[in-house]
Amino acid sequence: MSHLRNVTCRVCKGSSLTRILSLGEHPPVDNFTDAEHLKDEKRYPLDVYFCGTCNLVQLLDVVAEDELFHGEYAYFSSASKPLVDHFRSYADDLKSEHVAPGDLIVDIGSNDGILLQNFVGTHRVLGIEPSANVAEAARAKGIETESGFFTIEMAKRIIEMHGKAKVISANNVFAHIDDLDEIVQGVKDLLTDDGVFVSESHYLLDLVEHGEFDTVYHEHLCYYSVKPLQHLFGRFGMEVFNVVRMPTHGGSIRVFARKASGLPIENSVHELFALEEKAGLHSLARFADFQKDAEAIKEKLVSLVRQIRREKKKVVAYGAPAKGNTLLNFCGFTQDDIEYVTDTTPYKIGLLTPGSHIPVVSPDILKTETPEYVLLLAWNYRDFILEKEKELRARGAKFIIPIPSVEIV
Ligand code: TMP
Ligand code: ZN
């Protein structure tokens with residue numbers, strides 16, 4: 001079975017679900033491919049729903065994990081320098097408030113060890129990572145890493161081998177989980193009584209306010225806000241006690257949860273809940289223009305790129321992030337529009353982008369070549385990349401920024 005379709009909400013199990021966005025059928029965004037495998041490429045619907053009961057925004061179409069990862073994964077967090085810095089400061093925050101030297105920290109979806117590498121030598125660390133090639137990169141940094149998906153059963157084994165964890169983290173992965181009950185129960189089992197679960201995910205409020213429809217892809221099953229998260233943890237005798245907005249990935253939230261304690265809940269939780277309420281995130285009406293807004297960006301971008309091509313000028317793309325593939329496929333771009341995509345991830349170089357089949361090349365090409373236009377798919381690193389590429393820009397290349405609105409700089 002490569003694709004299932006849920007009929008109830010992942011958080012509250014209700015069935016009051018309304019479609020708020022449909023992007024068409026897309027291949028999974030991390031399935032970079034090559035000429036030999038083009039015939040194997042499969043597409044699945046990319047439709048977003050709103051739950052009228054707990055207000056979770058979510059996908060109902062669930063692509064099987066082996067279709068998403070193929071045993072190997074193309075995404076290495078440490079390929080993005082600003083993300084490495086982000087996780088260093090994240091680790092400092094945890095050290096100052098939630099973990100002491102010698103405590104056990106378990107990171108679910110630990111990728112190449114981008115968070116845990118900051119605790120090696122002072123704390124006990126355990127990563128959990130299903131993609132074999134990415135887990136290997138973490139082990140090479142001295143980070144003990146379990147292969148596989150986190151389950152209640154795995155939590156039991158970890159307790160037997162290492163004891164309970166003071167901190168469990170799950171970053172840019174908690175929104176990827178279909179069976180949330182399994183994860184939350186496993187987390188509760190594995191945490192010490194005073195332990196903390198912390199997770200960062202892309203934030204629904206930023207998504208709707210900045211038109212970040214490209215954040216929608218098959219791995220992203222949930223688009224969280226505070227209210228459904230409170231509902232979820234509440235069902236397991238846990239509570240959200242602090243929430244902090246973060247600039248990463250176009251706007252994220254760092255959510256702290258613990259076993260229900262009777263201790264005060266921090267103001268941040270009430271404040272963000274109130275902000276979401278005011279922004280309309282608890283009502284279906286807020287999403288009435290969601291589809292139209294995404295299509296407006298598409299039309300603008302497509303007509304801009306086609307106009308540039310008619311003038312016989314070259315367009316390339318910068319960064320091949322997961323979201324870039326949603327954007328490329330939604331716009332229907334091919335190599336006729338965009339000659340190549342540069343990316344810093346060695347794994348992606350030499351492959352073709354899923355669906356749009358544009359070759360991924362090393363960014364070194366831009367040291368000698370000066371395309372007239374560069375479409376910035378990794379727009380979340382806008383300032384960093386515009387600064388890093390100032391020499392290219394001085395040579396005359398213009399950057400097209402697609403999100404939050406189409407802009408040329
Ligand atoms: P991310 O937003 O999930 O970190 O993904 C960003 C992608 O863009 C990743 O494939 C690495 C790539 N990238 C570049 O090619 N150049 C850069 O300067 C940065 C920051 C990222
Ligand atoms: Zn619900």
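Name the residue, out of His249, His220, His270, that is within 23 Å of the chain's Cα centre (by Cα) and either surrounded by fewer than 18 Cβ atoms within 10 Å (Cβ to Cβ) or assigned to a helix (DSSP H, G or I) (or both).
His249
So how many residues does segment 293-326 have that are more than 11 Å from Ile400 (Cβ to Cβ) and within 16 Å of ligand 1 (Cβ to nearest atom)?
Going through segment 293-326 one residue at a time, the tally reaches 8.
If I filter segment 88-112 down to residues being under 22 Å from Phe150 (Cα atoms) and among the charged types (D, E, K, R), which single residue comes out as farthest from the chain's Cα centre (by Cα)?
Per the stated criteria, the residue is Asp103.
Conditions tested, residue by residue: (1) surrounded by 15 or more Cβ atoms within 10 Å (Cβ to Cβ); (2) touching a strand residue (DSSP E or B) at 6+ places or on another chain (Cβ under 7 Å); (3) over 19 Å from Pro27 (Cα atoms).
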{"site": "Gly280", "(1), (2), (3)": "no, no, yes"}
{"site": "Ser283", "(1), (2), (3)": "no, no, yes"}
{"site": "Lys292", "(1), (2), (3)": "no, no, yes"}
{"site": "Lys298", "(1), (2), (3)": "yes, no, no"}
{"site": "Lys313", "(1), (2), (3)": "no, yes, yes"}
{"site": "Ala322", "(1), (2), (3)": "yes, no, no"}
{"site": "Thr334", "(1), (2), (3)": "no, no, no"}
{"site": "Ile338", "(1), (2), (3)": "yes, yes, no"}
{"site": "Thr342", "(1), (2), (3)": "yes, yes, yes"}
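Could you list, in sequence order, the residues of segment 49-85 that are among the hydroxyl-bearing types (Ser, Thr, Tyr), modelled with pLDDT of 95 or more and away from ligand 2 (no atom under 16 Å from the Cβ)?
none
Would you confirm whether any residue within segment 95-114 is in contact with a Lys or Arg (Cβ under 7 Å, 6 or more places away or on another chain) and over 18 Å from Lys164 (Cα atoms)?
Scanning segment 95-114 turns up at least one residue that is in contact with a Lys or Arg (Cβ under 7 Å, 6 or more places away or on another chain) and over 18 Å from Lys164 (Cα atoms).
Let me confirm something: among Phe197, Phe213, which residue is within 26 Å of Asp66 (Cα to Cα) and surrounded by 22 or more Cβ atoms within 10 Å (Cβ to Cβ)?
Phe213
Across segment 368-387, what is the total count of residues that are loosely packed, with under 14 Cβ neighbours inside 10 Å and either within 11 Å of ligand 1 (Cβ to nearest atom) or touching a residue at least 40 places away in the same chain (Cβ under 8 Å) (or both)?
Qualifying residue count for the region: 2.
Looking at (1) crowded, with 18+ Cβ neighbours inside 10 Å; (2) at pLDDT 95 or above; (3) assigned to a loop (DSSP other than H, G, I, E, B), which one does Tyr347 not meet, given that it meets all the others?
(2)
So, in segment 162-183, exactly how many residues are assigned to a helix (DSSP H, G or I) and over 19 Å from the mean Cα position of the chain (by Cα)?
3
Can you find a residue that is part of a helix (DSSP H, G or I), modelled with pLDDT under 95 and assigned by TED's automatic domain parsing to the domain that holds Leu191 anywhere in segment 125-132?
Yes; the residues of segment 125-132 include at least one that is part of a helix (DSSP H, G or I), modelled with pLDDT under 95 and assigned by TED's automatic domain parsing to the domain that holds Leu191.
Output the residue which, of all residues in segment 64-81 that are in a helix (DSSP H, G or I) and over 15 Å from the mean Cα position of the chain (by Cα), is surrounded by the most Cβ atoms within 10 Å (Cβ to Cβ).
Step by step, filter segment 64-81, then rank; the result is Glu67.
Search segment 146-161 for residues being of a type outside the set (Phe, Trp, Tyr) and assigned to a loop (DSSP other than H, G, I, E, B), and hand back the single one that is nearest to Phe87 (Cα to Cα).
Checking each candidate, the answer is Gly148.
Answer yes or no: is there a residue in segment 136-146 that is within 16 Å of ligand 1 (Cβ to nearest atom) and under 30 Å from Gly319 (Cα atoms).
yes
Which count do you get for residues in segment 1-37 that are in contact with a Leu (Cβ under 8 Å, 6 or more places away or on another chain) and either within 16 Å of ligand 1 (Cβ to nearest atom) or not hydroxyl-bearing (Ser, Thr, Tyr) (or both)?
Counting residues in segment 1-37 that are in contact with a Leu (Cβ under 8 Å, 6 or more places away or on another chain) and either within 16 Å of ligand 1 (Cβ to nearest atom) or not hydroxyl-bearing (Ser, Thr, Tyr) (or both) gives 20.
All but one of (1) at pLDDT 95 or above; (2) surrounded by 14 or more Cβ atoms within 10 Å (Cβ to Cβ) hold for Ile365; which doesn't?
The failed condition is (2).
Exactly one condition in (1) under 23 Å from Asn133 (Cα atoms); (2) away from ligand 1 (no atom under 16 Å from the Cβ) is false for Asp92; which is it?
It fails just one condition, (1).
Which pairs turn up if I take residues in segment 8-31 that are assigned to a loop (DSSP other than H, G, I, E, B) and look for partners that are away from ligand 1 (no atom under 16 Å from the Cβ) and among the basic types (Lys, Arg) with beta carbon separation below 8 Å, at least 6 apart in sequence or on another chain?
Pro27/Lys42; Pro27/Arg43
Would you be able to tell me the number of residues in segment 42-79 that are touching a His at 6+ places or on another chain (Cβ under 9 Å) and either among the acidic types (Asp, Glu) or within 16 Å of ligand 1 (Cβ to nearest atom) (or both)?
3
Restricting attention to segment 33-44, does a residue exist that is more than 16 Å from ligand 2 (Cβ to nearest atom), of a type in the set (A, V, I, L, M) and either surrounded by 19 or more Cβ atoms within 10 Å (Cβ to Cβ) or not in a loop (DSSP other than H, G, I, E, B) (or both)?
Yes, some residue in segment 33-44 is more than 16 Å from ligand 2 (Cβ to nearest atom), of a type in the set (A, V, I, L, M) and either surrounded by 19 or more Cβ atoms within 10 Å (Cβ to Cβ) or not in a loop (DSSP other than H, G, I, E, B) (or both).
The values are calculated or read from the model by the stated rules, or taken from the named source; none is laboratory data. Keep in mind that what you see is a predicted model, and the values were worked out from it rather than measured. For neighbour counting, all protein chains shown are included, and Cβ atoms are generated from backbone atoms with ideal geometry for every residue, glycine included.
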